[in-house]
Amino acid sequence: MYHPAAWIWFAAALFILLGDTALLHAKDDPAQLYPETISVLQKLHASEVQAHLRYLSFAKVAIADGHTNIAHMFKALAASESIHAKNFKRILSSLGSATTSIDPSSITTSTTKENLKFATNVELSEIDVEYPRYIKRISGEAHEEALKYIKYAWQAEHQHRDLIKEIRSGTGMFFSMLLKRFRGRDGKYYVCQNCGSTVTELPQQACPICYRTLDIYVEVPKP
């Protein structure tokens, strides 16, 4: 026998069940849980890949100009940016999100003098503007690994600025003196393969950024 009330109760129960199931799926969907984190990681990954390619291009120009030590520094910066990009890609993959490809032909270079100016300005912008803004943007979603590795990259960018800060005042009329100083150097660069920390001397005990043991560092070969 047909009972309208029973069908109403059945339909209501089914609606609630389906709603609960959809809610459970939404809670398991990274795109629903971490939309800002994914968006920021995608932007940062693209930015780090571009930086990696750009610094490699700058190194080639420096070699062609006879500035081997400057090329060495650019190679170290490129190696660090590559670590950041790999970390961001790995976290995005764990969230089920893809990265965008970067066209190498979009990377432009100039003279070594202009490339040094550009590198200095980019590092300053990333340190003072981009990373603080991104960290604030994703803090509410509390994805611990994303926050940790973005902060690692931010700290490494501070190291990059320290490596090239003397260039900021040397790319004007004293550029020839700057080049002379760089030519006279026989420096080394080491990059942490976990966080991208970039140093000219190995720390005494552990990486100053991620605190991994010193065997995580790899020396960047001279060009």
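Just so it is clear, none of the values below were taken in a lab; they were calculated from the coordinates. All figures in this text were calculated on a predicted structure; none of them were measured in a lab. Counting neighbours? That spans all protein chains shown, and the Cβs are built from the backbone with ideal geometry, glycine included.
Structure summary
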item: Base-10 log of normalised Debye intensity for the stretch 34-186 (one unit scatterer per alpha-carbon) at q = 0.21 Å⁻¹; result: -1.28
item: Net charge contributed by nearby residues that have their C-beta within less than 12 Å of Thr198 (K/R +1, D/E -1); result: -3
item: Two-site FRET efficiency, Thr111 against Glu145, from Cβ-Cβ distance with R₀ of 41 Å, rounded to 0.05; result: 0.55
item: Sites Val218 and Ala31, calculated FRET efficiency, Cβ-Cβ separation with R0 35 Å, nearest 0.05; result: 0.50
item: In the stretch 34-186, lysine pairs closer than 12 Å at Cα, eight or more apart or cross-chain; result: 4
item: Fully extended contour minus Cα-Cα distance, from Gln204 to Val129, at 0.36 nm per residue; result: 23.9 nm
item: Residue exposure sequence - Val191, Val122, Val129 - by fewest surrounding Cβ within 10 Å; result: Val129, Val122, Val191
item: Isotropically averaged projected area of the stretch 96-152, using the convex hull of Cα atoms (one quarter of hull area), nm²; result: 5.6
